[in-house]
């Protein structure tokens, strides 16, 4: 079942499908070692990774497993990252969420604003009961974003990632339909 990627607007942001024109901004974000220091994969080193990412966005929508949207500021159309709902399981009424923003966009509330809008769309469109997220335990700022959205920390996955030889733990968060925080 195809799942069209939505275009959503918040007070300050437009969430929209990725386009080829986003390639440079996407590569700059995903190749930034500082931004990706808590991710479960290393920074990109070649531009082909951006093309594969864009192809995967289209594939997710086509197969109906999720959506990934660009976050752009409405005022100046500046790229401020991306957000996703993926791994949709209609039988379990569940999915996962995640986001990635460049360092210049941190601390402005963009991640919370964008994730809230995309999650509201997903709960309504996909009839979700549960959304899950994972955060590296060394990244309390990302954990705070999830907690502002109503996610509850459910446990710790010990030594679940090894990226470039660095072993790390992850916190698992869950958000149930009944526990969502109103905007």
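Every number in this text was worked out from the coordinates using simple rules, so none of it is lab data. Model, not experiment: these values are computed from the prediction. Cβ atoms come from the backbone with ideal geometry, glycine included; neighbour counts cover every protein chain shown.
Let a ≥ b ≥ c be the square roots of the eigenvalues of the Cα gyration tensor of the range 99-168; is it rounded (a/c under 1.5), or, if not, prolate (a/b larger than b/c) or oblate? It is oblate, given that a/c is not under 1.5 and a/b is not larger than b/c.
The fewest-to-most ranking of 88, 44 by surrounding Cβ atoms within 10 Å reads 44, 88.
When 169, 22, 76 are sorted by how many other C-beta atoms sit within 10 angstrom of their C-beta, beginning with the fewest, the order is 76, 169, 22.
If the chain between residue 86 and residue 58 were fully stretched, how many nm would it gain, using 0.36 nm times the residue separation less the Cα-Cα distance?
On the way: separation 28, 0.36 × 28 = 10.08 nm, distance 1.22 nm.
Here the segment from residue 86 to residue 58 would lengthen by 8.9 nm.
Here the label points at residue 108 and residue 40, each 7 Å from Cα along the C-beta direction, are separated by 2.9 nm in the simple model.
Thinking of the range 82-132 as a set of Cα atoms, what percent of all their pairs are more than 17 Å apart?
Numbers: 450 of 1275 pairs.
I get 35 percent for the Cα pairs in the range 82-132 exceeding 17 Å.
Would you mind ranking 161, 57, 100, 83 by Cβ crowding within 10 Å, fewest neighbours first? Ranking 161, 57, 100, 83 by Cβ neighbours within 10 Å, fewest first, gives 161, 100, 57, 83. What residue among 41, 99, 173 has the largest mean-square fluctuation in a Gaussian network model of the chain, using Cα springs under 10 Å? The residue that fluctuates most here is 41.
Taking all Cα pairs closer than 8 Å and separated by 6 or more residues, the relative contact order of the range 8-179 comes to 19 percent.
Computed extension gain for residue 120 through residue 166, at 0.36 nm per residue and net of the alpha carbon distance, reaches 13.1 nm.
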